[in-house]
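As structure tokens, the structure follows; a few thoughts come after it.
What follows draws every value from the coordinates through simple rules; no lab data is involved. Fair warning: this is a prediction, and the values are worked out from it, not measured in the lab. Positions of Cβ are backbone-derived with ideal geometry, glycine not excepted, and every protein chain shown enters the neighbour counts.
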Amino acid sequence: MRLLYTACLVALTVSAALAAGYSAGGFEPPTFALGPLNGQDGWSAGTSGSGAVEPWVVVWPDPVYGEQAIRLAVSGTQGSASWMEHAIPEVQVSYLKKVTVSYDIFRLNPDTDQNLWWWWDAGEPTYGLQWDLNGTFPHGWNPGAGSAPTVFGAYANLKMVWDFTTMKAYSWYNGVLVDNGIPITNITKLSGWTIYFSHDADSGPVGDVAWIDNFVIDVEVIPEPGSLVALATGLIGFIGLARRRR
């Protein structure tokens, strides 16, 4: 029984080692402390343009789930941007089954700002956006991609799925299916994710604020041949040892 338990533990350990992804755990303590997001738990964050405020770990009275969330703020000046990004262990598509990116986003004002997000890597679909009052495009303007009305004044969940077994991408916004299997093309690897909140229109008097919470990248991988061999060898060794002990 102990040997069987150990063999199962080896299998689970190898499987875990093959996994690649990231969860912010709701940006909660003790992993995240109030203040600048940059440098916390592997996040890089900053600003560009004029008048933007760098991403900040905040609590109530900011709208948050749980105890904390991330606030991004920009001015009314064109080009003002607040951004946050996180790397994952680089994974080649040939080893990928399915990848899911999910997070909650709170948009405050229906004005001329926009929120964009993208994989660091080339291919389609690797980016999406909320574009002014024209809606939320989880997979951007990639061929076949759709959109949904943007939710303001409340959190809405954004979920994007890349199924590399069928080479199709899917998305949901606020629980509603938006993209039901659009083509995946020219994506060869995945290595990191950016959220970029910016004022991308003529300058005016109005800035904007957005909040991000519950950020997760979930990666399902196909084990590399070497890992499968190691796993099989380990299990065979445990079985042989069990037989010898009998």
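Note the full-extension length gain between residue 108 and residue 78 as 0.36 nm times their separation in residues minus their Cα-Cα distance, in nm to one decimal.
Extra length available between residue 108 and residue 78 comes to 9.0 nm.
At 7 Å along the Cα-to-beta-carbon direction for both residue 216 and residue 151, put a label point, then send me their distance in nm to one decimal.
My value for the distance between the label points is 1.6 nm.
Just subtract the alpha-carbon distance of residue 120 and residue 38 from 0.36 nm times their residue separation and send over the number in nm, one decimal.
So the extension gain works out to 27.7 nm.
Roughly speaking, what is the centre-to-centre gap between segment 27-72 and segment 126-156 when only Cα atoms are used, to the nearest Å?
23 Å
Taking amide H positions as placed in the peptide plane 1.01 Å from N, state which residues far from residue 184 in sequence (5 or more) or on other chains have amide H under 5 Å from it.
168, 169
Please compute the modelled spin-label separation between residue 98 and residue 185, points set 7 Å along Cα→Cβ, answer in nm with one decimal.
2.5 nm
Can you give the relative contact order of segment 20-221 as a percent, counting alpha carbon pairs under 8 Å and 6+ residues apart?
31 percent
Convert each backbone phi in segment 79-89 into a coupling constant with the Karplus relation 6.51 cos²θ - 1.76 cosθ + 1.60 (shift: θ = phi - 60°), then list the ³J(HN,Hα) values in order as whole Hz, x for Gly and Pro.
Taking θ as phi minus 60°, the curve returns x, 5, 9, 10, 9, 9, 8, 9, 7, 10, x Hz for segment 79-89.
Which lysines have a Cα lying under 18 Å from the Cα of residue 159, excluding residues fewer than 8 positions away in the same chain?
Those lysines meeting the cut-off are 97, 98, 168.
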